[in-house]
Amino acid sequence: MAFTPSRLLIFGGTGNIGQYITKAILRAKPAFESVTLFTSQKTVDTKVDLLKGWKAAGLQVTVGDVGNPKDVAEAFRATKADTVVSAVGRGAIDVQVDLITLADQSGTVKWFFPSEYGTDIEHNAKSPNEKPHQKKLAVRKHIRDNIKNLKITYLVTGPYFDMWVNQLGEAEEIGGFNVDKKEAVLIEDGEGKIGFCTMKDVGTSLVAALRHPEVSFGKALKVQSFIVTPNQILAEYEKQTGSKFQVKYTPLDKLRMYETELWDKGAPAATAATLRRIWAEGGTLYEKNDNELIGFDKEAESLETAVRRALHGGKD
Ligand SMILES: NC(=O)c1ccc[n+]([C@@H]2O[C@H](COP(=O)([O-])OP(=O)(O)OC[C@H]3O[C@@H](n4cnc5c(N)ncnc54)[C@H](OP(=O)(O)O)[C@@H]3O)[C@@H](O)[C@H]2O)c1
């Protein structure tokens, strides 16, 4: 009989992107039979209102340490989850090796989404050497080499538009918009197309994938809200604000230079610099994305909506 996910267990579900994923899963119609969040005591203590609202919407919560096999195995046992969605942060990507092994051995979990929600880490010949990809590549290798029972889906979303438009204080040269100052920094000539996902659409497309198990199994699903050039984004900002922006262009070679400097300094912005360089080099452009395959093409947000939200401080 065809598999339909019904008992969901989410890891990292209150994080930057996990929040959008959990929200979309809780709002899905028809609803899933059960949705449980595995979370840390720290999150329970610090995100009280968020969890209270979600519990009222039907979320169950189990508390533990994602790095502790006993806690994780007990969560699989207690929830009888058939589908696991991991959205753990970059600091916990490697923890997933044990998490996925435990899911494989659980006897109940059938489908697992490892934490990806970003760049296609197996895009081209350079991908295996990109520093930010290493831990996610190791997770994929572990799955290929060791995992026997689970179906796996990687949701590949490219950059989150909501984050990409922001400048990083410590590295403005690597790109972004400053609406207060009406300034923008674009890479090269701003004409290189990039496939973006809004953060809301990461949740929407994850639910779309959950609705289409057979075509999602064993795939790195590539989903995109829209594919546009930075100059088109600039034009949309200027249209919606009614103002002309001052634009600085950072040549790709300069971006590569900044990237090396940031890694040499051990600066937190180094990862963002590498990813922005990959995106500017065409790392989000595919012959075809998988929007249609999972029915996400009808739901994806537009550039206009995404810019309006960015101009309203992230609110619709
Ligand atoms: N495409 C893009 O533009 C983009 C941007 C940002 C992130 N991403 C990707 O999205 C995924 C999730 O990232 P995020 O920024 O949403 O994650 P995050 O907010 O940093 O963390 C998500 C959750 O992971 C759990 N966690 C447990 N141990 C952790 C540890 N040692 N370090 C970090 N988190 C830990 C925590 O949940 P509990 O307390 O509930 O255990 C935390 O709330 C990652 O794969 C990341 O690469 C993509």
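The values are calculated or read from the model by the stated rules, or taken from the named source; none is laboratory data. These figures come from a predicted structure and were not determined experimentally. As a convention, Cβ positions derive from the backbone with ideal geometry for all residues, glycine included, and neighbour counts pool all protein chains shown. The accessibility values were calculated without ligands, DNA or RNA, using every heavy atom of the protein model including side chains. Shrake-Rupley method; radii C 1.70, N 1.55, O 1.52, S 1.80 Å.
Values as computed for the structure displayed
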| quantity | calculated |
| --- | --- |
| Filter result for the condition that a residue is modelled with pLDDT of 95 or more, under 20 Å from the mean Cα position of the chain (by Cα) and closer than 23 Å to PRO132 by Cβ, over LEU262, LEU255, LEU221 | LEU221 |
| Tabulated pairs, the stretch 3-22, first outside any loop (DSSP other than H, G, I, E, B), second near the ligand (Cβ under 6 Å from one of its atoms), C-beta under 6 angstrom, 6+ apart or interchain | PHE11/VAL66; PHE11/VAL88; GLY18/GLY12; GLY18/ALA87; ILE21/ALA87 |
| Candidate set: the stretch 288-307, residues that are part of a loop (DSSP other than H, G, I, E, B) and among the aliphatic types (A, V, I, L, M); chosen: the one nearest to the chain's Cα centre (by Cα) | ALA300 |
| Test result for VAL109, in a loop (DSSP other than H, G, I, E, B), of a type in the set (A, V, I, L, M) and more than 26 Å from PHE196 (Cα to Cα) | yes |
| In the stretch 1-20, residue nearest to the ligand (Cβ to nearest atom) [restricted to those that are buried (at least 24 other Cβ atoms within 10 Å of the Cβ) and under 21 Å from LYS80 (Cβ atoms)] | GLY12 |
| Selection from the stretch 261-295 of residues that are of a type in the set (Phe, Trp, Tyr) and either touching a helix residue (DSSP H, G or I) at 6+ places or on another chain (Cβ under 8 Å) or under 19 Å from ARG90 (Cα atoms) (or both) | TRP263, TRP279 |
| Whichever residue in the stretch 128-147 is more than 18 Å from the chain's Cα centre (by Cα) and free of Cβ contacts under 8 Å to residues at least 40 places away in the same chain and, among such residues, is farthest from LEU8 (Cα to Cα) | ASN129 |
| Qualifying residue in the stretch 275-293 (condition: more than 26 Å from THR250 (Cβ to Cβ), assigned by TED's automatic domain parsing to the domain that holds LYS126 and touching a His at 6+ places or on another chain (Cβ under 9 Å)) | yes |
| LYS200, sole failed condition from (1) open to solvent by less than 40 Å² (accessible area, probe 1.4 Å); (2) within 16 Å of the ligand (Cβ to nearest atom) | (1) |
| Residue check, THR43 of a type in the set (S, T, N, Q) and closer than 23 Å to HIS212 by Cβ | no |
| Some residue of the stretch 149-168 being without any contact (Cβ under 8 Å) to a residue 60 or more places away in the chain, in the same structural domain as GLY13 (by TED's automatic domain parsing) and in contact with an Asp or Glu (Cβ under 7 Å, 6 or more places away or on another chain) | yes |
